Amino acid sequence: MKTLNGIFAAIACLLGVLLLASCATLTQPPDPGKVQAQIAEAREQEIELVLATVADPARAKRFVELLRERDRLVEQHARDLIAYRKKMVALTADYDARREDFEALLADFNRQREAAQQETIDLVAVMKGATTPEEWKTISRFQLKRLDPRKLIYGTAAREG
């Protein structure tokens, strides 16, 4: 019986240690101010990179304008996501909400999302057309590494609430 109690005590201690260790690895959500500062810094570095990479000043200037359009699209999409979330929360809280209400909300959001995706695809095509393959490779590598779309949207969501 003592052996059985000892085994249970050892298992309980092991579980306690594992639970404490797993709690210690949980991370807090990122600080919105820090994320926004990182995004602003990355955008400044991106513009500097474009000006240094794109050989023709007129094309470089045009590309910087396209970057501003990209940022506008990302921020608009983030606002759309926030608005959708608020509507979904309100609809979920409404006891009398019908299935059709949810379906209409989701269909509307999907139309907005699809339009935003198409605008983004079109914009990327224009951006590629404004650069040489070598220039695009350098710029797109930076974008993929430093301008994570989730962070961009998180930064906007933090400002919007």
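Below, the figures for the structure above:
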read-out	value
Residues of region 79-96 classified as at pLDDT below 95 and more than 15 Å from Ala115 (Cβ to Cβ), total	1
Failed item in (1) modelled with pLDDT of 95 or more; (2) over 22 Å from the mean Cα position of the chain (by Cα), with Phe8 passing the rest	(1)
Per-region count, region 30-61, residues surrounded by 12 or more Cβ atoms within 10 Å (Cβ to Cβ) and either of a type outside the set (Val, Ile, Thr) or at pLDDT 90 or above (or both)	19
Residue among Glu114, Glu103 that is part of a helix (DSSP H, G or I), out of contact with any helix residue (DSSP H, G or I) (no Cβ under 9 Å at 6 or more places or on another chain), more than 30 Å from Phe63 (Cα to Cα) and not basic (Lys, Arg)	Glu103
In region 108-130, the residues that are over 20 Å from Arg72 (Cβ atoms) and either acidic (Asp, Glu) or in contact (Cβ under 8 Å) with a residue 12 or more places away in the chain (or both)	Asp108
Filter result (polar (S, T, N, Q) and in a helix (DSSP H, G or I)) within region 128-148	Thr138, Ser140, Gln143
Residue under evaluation Asp96, criteria (1) of a type in the set (Asp, Glu); (2) in a loop (DSSP other than H, G, I, E, B); (3) in contact with a Phe, Trp or Tyr (Cβ under 8 Å, 6 or more places away or on another chain), criterion not met	(3)
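For (1) over 23 Å from Arg146 (Cβ atoms); (2) surrounded by fewer than 16 Cβ atoms within 10 Å (Cβ to Cβ); (3) under 24 Å from the mean Cα position of the chain (by Cα), each residue gets a yes or a no:
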{"site": "Phe63", "(1), (2), (3)": "no, no, yes"}
{"site": "His77", "(1), (2), (3)": "no, no, yes"}
{"site": "Ala115", "(1), (2), (3)": "yes, yes, yes"}
{"site": "Val126", "(1), (2), (3)": "no, yes, yes"}
{"site": "Ala130", "(1), (2), (3)": "no, no, no"}
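The values are calculated or read from the model by the stated rules, or taken from the named source; none is laboratory data. Only a predicted model underlies this, so the values are computations on that prediction, with no experimental measurement involved. A quick note on method: Cβ atoms are made from the backbone with ideal geometry, for glycine too, and the neighbour counts reach across all protein chains shown.
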